[in-house]
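Read through the structure below, which is laid out as structure tokens, and then see the notes.
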Amino acid sequence: SFQNEINEVPFFDVQLPYELALKIFQYLGKTELGRCAQVSRTWKVLAEDQVLWYRLCQEEGFLLDLSISDHSCWKLALKNCRAREHTLKYNWKNRIGAVSQLRYELGKVLCDVHSCEGVVIAGYSSGEVRLWDTRSWDYTAPSLEALHDPGHAGPRPHVCFVRINSSLAVAAHEDGTISIWNVLLGQEPIHHYQHNQRVQALALGAEGAAVATASGFEVRVESPSDRGFWQTTATFDIQKLVNFLNLVPDVVGSPVAVAAAEDIVYLLQAEGPAKILHSVYGQPVTCLDVSACEAAFGIKTFGWLLNEPNQILLYNLETNQCLTKVGNSIGDFTCVNLHASPPHMLVAGNKDRRVRVFDVRSGEAVCSLYAHQLEVSAVQMDDWKVVSGGEEGLLCVWDQRMGTKLWEMHARHPVRHVWFNSHSLITAHIPEDRNPRGSDDDLAVHRKYRGIIYSYEFSGEQLAGDSVLPICRSSYAELTGYNYNIGLAMPYDSI
């Protein structure tokens, strides 16, 4: 081929070896490479070298798990990736997509929901735990069998917490039993343990196999040994009841947890006793989130008394020092998301019905979004959008840079869980009342009291006709009115 014949590349009035010329071209971006390709035939071959376009593709964060030999034309691969990203962004902004309800009819009332990369775990008041894989088209919900005493007749206790990561699923029941399943191995639990009292908090690491639970005045961390046998790695005695519990992600060695108990935040490491990270008497912690090296939590102050507003504190977990305080609001912070936010950013929801995005370097609020009628209950952001859910059941999607609302959806119950990636969104509306009127007879619990999980899919490949609600499958060309695709399309007959 022509490329194999090129040993030297003309660079103005000198001839450079191909490898050296390639090194120079590595400093150019897409636009410059396009211009250079128009200079001459030799430069065109050089500007379309696979090494250059593979590097550009990696720099933009596309196809990171592929090697250079996996594609024959990296320039085309980058073009396709950018086009797909543009389509996804357009679909998100205009609410073009398919929505599915993940509803398990016999499950009584929904108690807790969690998700990881499109796999959803849900626990019910009947004691059942269900898994949905929204990445597959059929949305079947296999049940995870809990170990329960065969001599124990009568209804199983409620599920109070569920958590899932890429390999494990965990559920805590009202009676203090904890069941752990391997998602890949099947429906029988691989480990099971018991607390004497009700579980107040449950944490599972984003990766890895460590589970932390808080019950009464005890926090317990369980993880498998090198040989795969589960054991209690550490137990901590804490003087107050734990409200929030998180495991620190990406920790090498024994797991590290952060627990908030009333007005004290503890750092729990297996080597020693519980370390106090933060404590101010009479200022309870209202929300907590943890990333690989930082912890963010909201504290409630008595602003009207001491003229000090409610804030979010950010602590470094290696130095145990407070890095910054952000926020300055009269309402309590009800939810904070640090681990899924872009670098140096965090997003928080407040009782004053606002969602705020903070830049932790400057300590300033980048934007403050007002849309909910009651307090904000769940938030997540990425580099351009924010998704928030409220106690009144409203889900809002925002364009963060413009500070404008793109669209909203409403359901009856409070939004307790929000998770999204580039192409899908999962939200859970969980009822406050676990025992609605008439719940003694299973059939008497009306569907509207049970709670619901929604799965939205915005990628173009998934938008086959079957995935759209039947009432939206109109083939009419709309002349007037608007069509949200997810909402109800209004067809007009052309008679």
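The values are calculated or read from the model by the stated rules, or taken from the named source; none is laboratory data. Only a predicted model underlies this, so the values are computations on that prediction, with no experimental measurement involved. Using ideal geometry, Cβ is built from the backbone for each residue, glycine included, and neighbour counts are taken over all protein chains shown. Only protein heavy atoms, including side chains, enter the accessible area calculation; ligands, DNA and RNA are left aside. Shrake-Rupley method; radii C 1.70, N 1.55, O 1.52, S 1.80 Å.
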Need one word for region 308-351: rounded, prolate or oblate. Basis is the Cα gyration tensor (sqrt eigenvalues a ≥ b ≥ c); a/c below 1.5 gives rounded, then a/b vs b/c decides. oblate
Taking amide H positions as placed in the peptide plane 1.01 Å from N, state which residues far from SER329 in sequence (5 or more) or on other chains have amide H under 5 Å from it. ASN310
Extension gain CYS81-ILE276, at 0.36 nm per residue separation less the Cα-Cα distance, in nm? 65.5 nm
Low-density loop cleavage sites - GluC sites (Glu not before Pro) in region 50-110, where at most 15 other Cβ are within 10 Å (DSSP): GLU60
Ranking ASN94, LEU313, THR134 by how far each Cα lies towards the positive end of the charge dipole of the chain (+1 on Lys and Arg Cβ, -1 on Asp and Glu Cβ), the top one is ASN94
Where labels lie 7 Å past Cα in the beta-carbon direction, separation of ASN435 and LEU28 in nm: 7.4
Counting sequence-distant residues (5 or more places) and residues on other chains, those with an amide H built under 5 Å from that of LEU406 are VAL397, TRP398, ASP399
For the pair LYS240 and ILE190, what calculated FRET efficiency results from E = 1/(1 + (r/R0)^6), where r is the Cβ-Cβ distance and R0 = 25 Å, to the nearest 0.05? 0.20
Take the residue pairs LYS108/LYS405; LYS89/LYS448; LYS75/LYS385; LYS275/LYS351; LYS93/LYS325; LYS44/LYS75 and return only those whose Cα atoms are more than 23 Å apart. LYS108/LYS405; LYS89/LYS448; LYS75/LYS385; LYS275/LYS351; LYS93/LYS325
Sulfur and carbon atoms: percent of accessible area, the chain [1.4 Å]: 52
Quick one: length gained pulling ALA365 to THR404 fully straight, 0.36 nm per residue minus the C-alpha distance? 12.5 nm
Accessible area (Å², 1.4 Å probe, nearest 10) - PHE229: 130
Once you charge only the Cβ atoms, +1 for Lys and Arg and -1 for Asp and Glu, what is the size of the charge dipole of the chain about its Cα centre, to the nearest 20 debye? 1040
How big is the dipole moment of region 18-92 about its Cα centre under a simple scheme where the beta carbon of each Lys and Arg is +1, that of each Asp and Glu is -1, and everything else is neutral? Debye, nearest 20, please. 320
Please calculate how many Å² of accessible area region 18-92 carries per residue, with a 1.4 Å probe and no DNA, RNA or ligand atoms counted. 62
5 angstrom amide H check on VAL9, placed H, neighbours 5+ away: LEU16, TYR18
Once phi is turned into θ = phi - 60°, what whole-Hz ³J(HN,Hα) does the Karplus curve with 6.51, -1.76 and 1.60 give for every residue of region 71-79, x standing for Gly and Pro? 10, 8, 9, 6, 5, 5, 4, 5, 4
What whole-number distance in Å separates the alpha-carbon centres of region 41-79 and region 198-259? 44
Restricting attention to region 347-431, which GluC sites (Glu not before Pro) occupy a DSSP loop and are surrounded by at most 13 other Cβ atoms within 10 Å? none
Going residue by residue through region 96-104, the Karplus relation 6.51 cos²θ - 1.76 cosθ + 1.60 with θ = phi - 60° gives ³J(HN,Hα) values, rounded to whole Hz and with x marking Gly or Pro, of 9, x, 10, 10, 10, 9, 9, 10, 10
